[in-house]
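Taking it in order: structure first as structure tokens, then the write-up.
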Amino acid sequence: MNELDRFKEKASSYREALKNQPGARLFELYPILWYLEKHRKAIGKRRDKLRIVDLMSGSGFLSENLYKLGYKDLHAVEFCEEMYKDASVYNSKAKLHFMTSFDYLDGVLDEVKPDVIVTLASFHHLLIYNNDNQVNLDASIDKQSEVVDICMRALPDQGILLIADLIEAGVTETPLELFKSSMAVVARDLVKLGLDKELGELLGQSNSLHGATSLLYRELGTKSGNLSLNWFRTIVDKKTFIGHKDIAISPNFLQRVASYRPVVTKYTCPWVFKERVQLDEFVYKKFAFGVASEHGQILTKDESISCANIHLGIRNDHGVYALGWNLGIVLLGKRDPFSKNQELNVLVASLLAMLTILAGATGLRYWFGFYAPIDFKDILVFILTLPIGIIFGNWITKKKLA
């Protein structure tokens, strides 16, 4: 069974799970939102002007939520009609580019000219099979690297590619984040999307991705280890009719794309539910345990939930039921991201503000008959206006990017 056939078989059940519990996976988004916020400020763009491609967008979970947060220039790329069927996000919020092959991706991205490309929980499905229907590891990683190259060709010099996906245990994280900043804005955004307010306030206490994932593991985490990947490989692939193959983010892949300066963070992102029955139904539908062959189902609903409890863990805390889940996010770019562009914007705005103040002061002196040759006092006034200009320039820049 190839990947498109696999998705066609499970699409209906998958879409139903997300439709019934649209907020369950919101914690998967916080690293993406964090990087988008930093990137748009670095390049000086408002949310509605940042052009984003949602690569392998599926049912539109990512695009839907980005649109709600003010990211209006959205382009979704998908290959499986059954996955995006009846998804309202593609009618008016994100422009859908349906393709039957990655051979056309170059052309689509060249036409769109994105600022950012994001792929959420889909990259591991870039698989190449041998003649015996087994996944070819090397060929699949070659395919992943090829797709990254296509994305990079389409991105501007300061563009970024964000890959949030399953990650191998052997992948080394970037040990110290170079781009620390508060998670408060992201936390507020997630609350707007439907996250419980108490959980949002909890997340907002962090000032980095590493801090956020540590906090969420402490407060909502269940079991240690690489839960998501092990779950797919030991349970979903072995105990469902549909199965699940993958090539997760690996050291080999990161080595192949090393020229794009990968920044890697593993993160905890528990799925949360108000009621236990909601969690049970979501697991059963999301992973297609209910999809049967002519010989019936492999696992019953109760058996599948029991497996989830054993392998992922279920925790009742902070007024929610949390199912253990974790992913990794890889940031790739042609240049070091979030460079000095923001500081340059502030400096330019500061100088313009200072010149405006000086011109106004000079005009007032002339109009009111106080004009005199420039002396030491004028130079002193010029110097003293500099901090005023910087403060005013910072205010202008923040207003522009809000």
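What follows is calculated from the coordinates using simple rules that are stated; it is not laboratory data. No experiment lies behind these values; they were computed from the predicted model shown. Reconstructed Cβ throughout: ideal geometry from the backbone, glycine too, with neighbour counts over all protein chains shown.
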(request) Return the FRET efficiency for the residue pair ARG276, GLU16: r is the Cβ-Cβ distance, R0 is 22 Å, and the value is rounded to the nearest 0.05. (result) 0.75
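Between ASN131 and GLU303, what's the calculated FRET efficiency when r is the beta-carbon distance and R0 is 45 Å? Round to 0.05. Present the calculation step by step, with values, prior to reporting the outcome.
On the way: r = 34 Å, r/R0 = 0.76.
Between ASN131 and GLU303 the formula returns 0.85.
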(request) Along Cα→Cβ, 7 Å out, is where each label goes; now give me the distance between the ones at ARG261 and SER293 in nm to one decimal. (result) 4.9 nm
(request) Apply the Karplus parameterisation 6.51 cos²θ - 1.76 cosθ + 1.60, with θ equal to phi minus 60°, to every residue of segment 310-322 and state each ³J(HN,Hα) to the nearest whole Hz, in sequence, with x for glycine and proline. (result) 6, 8, 9, x, 10, 10, 10, 7, 6, x, 9, 9, 10
(message) Just to be sure I understand the model, the point goes 7 Å from the Cα along the line to the Cβ. What's the resulting SER214 to GLU81 distance in nm?
(response) 5.1 nm
(request) Place the peptides 52-62, 251-261 in order of packing, highest mean first, counting for every residue the other Cβ atoms within 10 Å and averaging per peptide. (result) 52-62, 251-261
(request) Could you pull out every residue, at least 5 positions away or on a different chain, whose amide H is within less than 5 Å of the one on LEU96? Hs are placed 1.01 Å off N in the peptide plane, and Pro or chain starts have none. (result) ALA76
(request) Pairs of Cα atoms under 8 Å, at least six residues apart: use those to get the relative contact order of segment 225-311, whole percent. (result) 36 percent
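Round to the nearest 0.05 the FRET efficiency obtained for LYS68 and SER101 when R0 = 25 Å and r is the Cβ-Cβ distance.
Working: r = 31 Å, r/R0 = 1.25.
According to the calculation, E is roughly 0.20.
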(request) Compute the length gained on full extension between LYS192 and ASN316: take 0.36 nm times their separation in residues and subtract their Cα-Cα distance, giving the result in nm to one decimal. (result) 42.4 nm
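Which ordering of MET83, MET152, MET99 is given by a fewest-first count of other beta-carbon atoms within 10 Å?
Lowest count first: MET99, MET152, MET83.
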(message) For a test of understanding, tell me how many lysine pairs in segment 1-142 have Cα atoms under 13 Å apart, given they are 8 or more places apart or on different chains.
(response) 10
(message) Quick check on the exposure proxy: order GLU275, GLU78, GLU281 from fewest to most C-beta atoms within 10 angstrom.
(response) GLU275, GLU281, GLU78
(request) Sort THR356, THR213, THR100 so the one with the fewest other Cβ atoms within 10 Å of its own Cβ comes first. (result) THR100, THR356, THR213
(message) Could you check the spin-label model distance between ASN207 and LEU176? Points 7 Å from the Cα along Cα→Cβ, value in nm.
(response) 1.5 nm
